[in-house]
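Undergrad: Structure in structure tokens, see below.
The values are calculated or read from the model by the stated rules, or taken from the named source; none is laboratory data. On a predicted model such as this, the values are computed, not experimentally measured, just so you know. Cβ placement follows ideal geometry from the backbone for every residue including glycine, while neighbour counts extend to all protein chains displayed. Heavy atoms of the whole protein, side chains included, go into the accessibility calculation; ligands, DNA and RNA do not. Shrake-Rupley method; radii C 1.70, N 1.55, O 1.52, S 1.80 Å.
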Amino acid sequence: ILPIAYLAQGLFLFEIFPAYLHLFAFLAFTQFCFVAEPALENQRRLLVGGQAPLIQKIFSLAMILMMAANIYFSGFLPFRKAFLFNRALARLPEVNSFNQFKDLFTPAFAARSPYGQDEIAKMLGGVVVDLLLKNPPPEVATALADYTTNQYQAVLARGKGNVFAENYYILGKVNELAGEKNIAVQFYAEGKQRWPRRPEFQEGLARLSKK
């Protein structure tokens, strides 16, 4: 289970520190079970024979429970969130209305997970930008921009994350393409204030000033 959890984490989500616990725990387990060293052999004999000290049994049980919890919270839950989002992406060509789009992607954002919200929010932003570049009707463009902005609120509230400045640029770009100039200016301006050396915010504000 441990190597499967590690590989699933690496394939479907960005690498995060808890994922390495799966790998290191698996390597430690194989070391304990299969490496022929006198000290380990004695420990294996005591543990299997039920003669290990009580404190060692308690510690072993606690480690098993900790790894089971780690697999669930940092393996299964992020995997489920990523699976729901990837399924939505696969079914995107079948979408014919904004309500279908909303129903398709909302389960992924609603799925509980300690990791992955930031990543799927960025990917949603990329999907919406591509859709807006196709010039949908104004009401659809506004609905897509509002939906993306709402799904980003939990990410922005954390105040940190993977390449956090990119979130403000994505939201500025989405609202700019949707014709929501005032909202786009707010995101570009806040991004420029937080990261004054990043040129994309200044470029976004310059584009909007000409419209």
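Undergrad: Apply the Karplus parameterisation 6.51 cos²θ - 1.76 cosθ + 1.60, with θ equal to phi minus 60°, to every residue of the stretch 206-211 and state each ³J(HN,Hα) to the nearest whole Hz, in sequence, with x for glycine and proline.
TA: Working through the residues one at a time gives 5, 5, 5, 5, 8, 8 Hz.
Undergrad: When the accessible area of the stretch 88-167 is split by element with a 1.4 Å probe, what percent falls to carbon and sulfur?
TA: 53 percent
Undergrad: Using amide H atoms built in the peptide plane, which far-off residues or other-chain residues are under 5 Å from VAL95 H to H?
TA: Long-range HN contacts for VAL95: none found.
Undergrad: Taking 0.36 nm per residue of separation and subtracting the Cα-Cα distance, what length does fully extending ASN182 through LYS102 add?
TA: 26.4 nm
Undergrad: Is the stretch 143-211 rounded, prolate or oblate when judged by the Cα gyration tensor, a ≥ b ≥ c being the square roots of its eigenvalues, rounded requiring a/c under 1.5 and prolate requiring a/b larger than b/c?
TA: Oblate is the answer for the stretch 143-211, as a/c is 1.5 or above yet b/c matches or exceeds a/b.
Undergrad: ³J(HN,Hα) across the stretch 110-117 via Karplus (A = 6.51, B = -1.76, C = 1.60, θ = phi - 60°), whole Hz, x for Gly/Pro?
TA: Listing the rounded values in order: 7, 5, 6, 6, x, 9, x, 5 Hz.
Undergrad: Follow-up question, since we're still on this one. Provide the FRET efficiency to the nearest 0.05 for the ARG194-MET66 pair, computing r from the beta carbons and using R0 = 45 Å.
TA: 0.75
Undergrad: Same structure, new question: At a Cα cut-off below 29 Å, give the lysines reachable from LYS122, other chains included and same-chain residues fewer than 8 away excluded.
TA: LYS81, LYS102, LYS134, LYS160, LYS173, LYS181, LYS192, LYS210, LYS211
Undergrad: Taking the solvent-accessible surface of protein heavy atoms with a 1.4 Å probe, what is the per residue accessible area of the stretch 96-211 in Å²?
TA: 53 Å²
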